[in-house]
1. Under unit Cβ charges (Lys, Arg +1; Asp, Glu -1), what dipole magnitude, rounded to 20 debye, does the stretch 332-391 have relative to its Cα centre?
2. If packing is taken as the average number of other Cβ atoms within 10 Å across a peptide's residues, how do 305-316, 61-72, 217-228 rank, most packed first?
3. When Lys and Arg each count +1 and Asp and Glu each count -1, what net charge do the other residues less than 14 Å away from residue 124, Cβ to Cβ, add up to?
4. Compute the label zone of residue 340 within the stretch 371-412: residues whose backbone N is under 17 Å from the point 7 Å along Cα-to-Cβ.
5. Could you report the chain's accessible area per residue, 1.4 Å probe, as an integer in Å²?
6. Compute the helix-to-body angle for 201-213: its Cα long axis versus the longest principal axis of the chain, expressed 0 to 90° and rounded to tens.
7. Any idea which of 324, 46, 33 is furthest toward the positive side of the dipole for the chain, if Lys and Arg beta-carbons carry +1 and Asp and Glu beta-carbons -1?
8. What does the charge dipole of the chain about its Cα centre add up to, to the nearest 20 debye, if the Cβ of each Lys and Arg holds +1 and the Cβ of each Asp and Glu holds -1?
Amino acid sequence: MKRVLILGAGTAGTMLANHLRRELSGDEWSITVVDRDNDHHYQPGYLFIPFGMYQPDRVRKPRTRYLPPGVDFIESAVLRVRADDSEVDLENGRVLGYDWLLVASGTRPRPDLTPGMADGGLWHTKVFDFYTLEGATRLHEALEAFTGGKLLVQLTDMPIKCPVAPLEFVFLAEDWFRKRGIRHKVDITYVTPLDGAFTKPVASHELGSLLADRSIRLAPDFALERIDNDRQMIVSYDGRELPFDLLVTIPLNTGQQFVIDSGLGDENGFIPVDKATLRSIAHENIFVLGDASNIPTSKAGSVAHFSVETFVPNFLEVVNGKPMTHSFDGHANCFIESGRGQALLLDFNYDTQPLTGSYPLPAVGPMKLLGRSRLNHLGKLAFEQMYWRLLLPGHKLPVPTLMSMAGKHEEE
Ligand SMILES: Cc1cc2nc3c(=O)[nH]c(=O)nc-3n(C[C@H](O)[C@H](O)[C@H](O)COP(=O)(O)OP(=O)(O)OC[C@H]3O[C@@H](n4cnc5c(N)ncnc54)[C@H](O)[C@@H]3O)c2cc1C
């Protein structure tokens with residue numbers, strides 16, 4: 001019996017288990033999935049919890065409900081991968097051997113790495129994250145109680161998962177205050193270490209204009225050094241200070257501790273891979289899917305989805321001793337909530353930045369790229385059901401796996 005071991009039953013790990021169980025004979029292959037708990041979170045839903053649009057329970061479901069028959073699920077934390085022995089140590093004392101290891105352990109917010117953030121007296125009273133279920137839930141209570149003052153929405157550093165989520169938060173917050181009739185009492189600033197609203201020039205220009213239209217200030221090039229809890233200020237490495245009444249921060253994101261402890265990660269705990277095949281540079285029998293690798297594209301569920309679809313046929317080739325013939329292009333596809341019941345859509349890959357245009361079809365769309373529309377917003381909301389019903393079980397969605405230039409305005 002040949003053994004596939006998948007570490008992590010989040011977005012990528014669950015899709016992998018479903019795809020591979022269909023493709024690999026149960027007589028010849030065992031598939032085992034490990035996760036620290038049985039609680040799968042639909043993380044894009046965290047965005048809506050602070051605004052009372054989703055209740056916290058809406059985003060959680062048992063992981064085992066989405067794993068197929070014929071896959072063993074082990075509930076335990078992973079402590080270490082001993083790659084030279086092809087073995088994994090679990091917190092529950094078990095040691096699992098593997099022929100092929102698929103790491104899908106994602107990334108995690110690390111508020112403990114910035115002085116004055118998690119260890120400051122204001123954490124979860126005036127300083128919040130929304131990248132965890134607890135943070136998003138506590139932030140809802142704080143927003144309900146907020147009657148006016150300075151709101152900072154602040155990104156600590158890249159890379160983070162879903163790099164558009166901080167901008168979505170700021171647009172939804174602006175809309176929320178407007179609907180509550182207190183927009184004129186709230187001074188909103190988006191604080192970023194980047195030199196503009198976003199990483200890529202065309203998207204940065206479009207999103208920067210939208211911030212200006214909504215009278216949201218932009219504080220670029222702000223590299224956070226620490227939070228001064230006594231003076232309610234964020235302080236940058238170059239000595240700039242910004243005061244706040246409410247701070248919504250996106251902490252540093254790193255890979256998992258077991259990746260670092262196993263010597264598999266780079267300085268941020270992300271595993272170096274070949275960006276086309278997702279095979280570990282250091283170990284031939286390890287592949288990395290989802291946020292856990294160092295590929296130069298967004299960390300996003302859509303990237304996990306497209307990369308799994310490219311990886312599976314490659315994996316079937318490699319286990320049969322053939323060369324891999326499929327190449328992942330870094331395809332990412334992200335909706336950006338812009339408030340007022342509208343959203344934008346980004347579609348890009350390793351080589352092509354987000355451009356304006358229509359998606360998935362030229363001229364007819366029906367989605368608009370980098371333009372606001374009601375349909376984009378409805379697409380974002382509909383994605384929740386697609387995630388649980390189609391994406392996790394590994395069914396094909398009506399979008400191309402590799403990025404297409406059809407409908408994009410190339411002259412930009
Ligand atoms: C606020 C927010 C909004 C987002 N919005 C979008 C969006 O609109 N579109 C989009 O495409 N993406 C979005 N994302 C990003 C998306 O959720 C992630 O990119 C995606 O879930 C990555 O999948 P993954 O499998 O790599 O990691 P995850 O889904 O995070 O899964 C990793 C799994 O590994 C497990 N694990 C980690 N360490 C261990 C250990 N030591 N032992 C055992 N198990 C372990 C974890 O418990 C987890 O289940 C959003 C994320 C956030 C936080």
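1. About 280 debye.
2. Taking the mean over residues of other Cβ atoms within 10 Å, the ranking is 305-316, 217-228, 61-72.
3. -3
4. 371-378
5. On a per-residue basis, 40 Å².
6. 40 degrees
7. 46
8. Dipole magnitude for the chain comes out near 1440 debye.
The values are calculated or read from the model by the stated rules, or taken from the named source; none is laboratory data. Source: prediction; values computed, not measured. A quick note on method: Cβ atoms are made from the backbone with ideal geometry, for glycine too, and the neighbour counts reach across all protein chains shown. These accessible areas exclude ligands, DNA and RNA; they are computed on the full protein's heavy atoms, side chains included. Shrake-Rupley method; radii C 1.70, N 1.55, O 1.52, S 1.80 Å.
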